[in-house]
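Novice: This is the structure, below, for whatever I ask next.
The values are calculated or read from the model by the stated rules, or taken from the named source; none is laboratory data. Fair warning: this is a prediction, and the values are worked out from it, not measured in the lab. For neighbour counting, all protein chains shown are included, and Cβ atoms are generated from backbone atoms with ideal geometry for every residue, glycine included. Just so you know, the surface numbers come from the protein's heavy atoms only, side chains and all, with ligands and any DNA or RNA stripped out. Shrake-Rupley method; radii C 1.70, N 1.55, O 1.52, S 1.80 Å.
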Amino acid sequence: MGIGLMALWPIAVFFLGGLSTHLTGWLTYRRQQKEREQAAVAARYERRENFELEHLQKLNEALQVLGRTTARAHHADMMASRETRLYGGEMLDPDLDEELRVAHKEVHMLAGLVLDGRLREQVKEARSELSKTSGMIRADPREAEAVFMEGIRQASQVQDQIATRIREIYLSSTPDSLPARRA
């Protein structure tokens with residue numbers, strides 16, 4: 001029986017070697033698959049951050065334009081109110097009126113792309129507040145000034161929050177801050 005067992009060793013070694021090779025190949029495949037999944041997660045995370053960053057920067061600029069354009073329209077109405085004693089009784093210059101319309105449209109469009117629901121709603125509220133003076137026809141100039149200042153205050157607060165989120169995105173862009181990888 002000793003010779004019979006000796007004859008089986010090469011066959012057993014052959015099968016164990018094949019099994020070992022197969023197991024090593026399977027483990028390598030699983031490791032590579034996990035690495036591909038991790039790379040895909042990191043790429044999605046980076047695309048999301050790039051999307052958010054790009055739109056928040058555009059929105060911040062659009063809010064700035066809307067604030068300045070609203071201020072110019074408000075100033076024109078306040079100047080007109082010196083003679084009439086009423087705010088919003090005169091038509092705006094058509095070019096200024098168009099600039100105001102485009103600025104509101106731009107903020108409205110970009111607000112819809114804000115990923116954070118709370119921030120998106122705050123942007124919409126600030127935009128709405130900034131538009132209130134345009135609906136004030138033959139109003140008390142002091143009341144219009146208070147409404148205008150509230151709109152500017154809200155827009156400024158939202159811009160501060162946008163800037164905070166932009167900083168957070170940049171700070172989270174370091175390699176060790178990627179989402180946790182599952183093993």
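Novice: Which of the residues that make up segment 39-82 are over 24 Å from Ile162 (Cα atoms) and modelled with pLDDT under 90?
Specialist: The answer is Ala39, Ala40, Val41.
Novice: Here is a follow-up. Looking only at segment 27-69, how many residues end up being open to solvent by 60 Å² or more (accessible area, probe 1.4 Å), under 19 Å from Glu168 (Cβ atoms) and acidic (Asp, Glu)?
Specialist: 3
Novice: Take the residues of segment 83-105 that are small (Gly, Ala, Ser) and at pLDDT below 95: which is farthest from the chain's Cα centre (by Cα)?
Specialist: Checked segment 83-105; the qualifying residue farthest from the chain's Cα centre (by Cα) is Gly89.
Novice: Is it true that Arg118 is of a type in the set (D, E, K, R), surrounded by 14 or more Cβ atoms within 10 Å (Cβ to Cβ) and at pLDDT 95 or above?
Specialist: No, not satisfied.
Residue-wise test of (1) of a type outside the set (Ser, Thr, Tyr); (2) open to solvent by 90 Å² or more (accessible area, probe 1.4 Å); (3) assigned to a helix (DSSP H, G or I).
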site: Arg72; (1), (2), (3): yes, yes, yes
site: Lys105; (1), (2), (3): yes, yes, yes
site: Val114; (1), (2), (3): yes, no, no
site: Arg127; (1), (2), (3): yes, no, yes
site: Ile137; (1), (2), (3): yes, yes, no
site: Gln159; (1), (2), (3): yes, no, yes
site: Ile166; (1), (2), (3): yes, no, yes
site: Tyr170; (1), (2), (3): no, yes, yes
site: Ser173; (1), (2), (3): no, no, no
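Novice: Give the residue, chosen from Met109, Met149, that is assigned to a helix (DSSP H, G or I), of a type in the set (A, V, I, L, M), within 18 Å of His74 (Cβ to Cβ) and modelled with pLDDT of 95 or more.
Specialist: Only one candidate qualifies: Met149.
Novice: Okay, moving on. Given the conditions (1) part of a helix (DSSP H, G or I); (2) over 30 Å from Glu168 (Cβ atoms); (3) open to solvent by 40 Å² or more (accessible area, probe 1.4 Å), and given that Leu96 satisfies all but one, which numbered condition is not satisfied?
Specialist: Just one mismatch for Leu96, condition (3).
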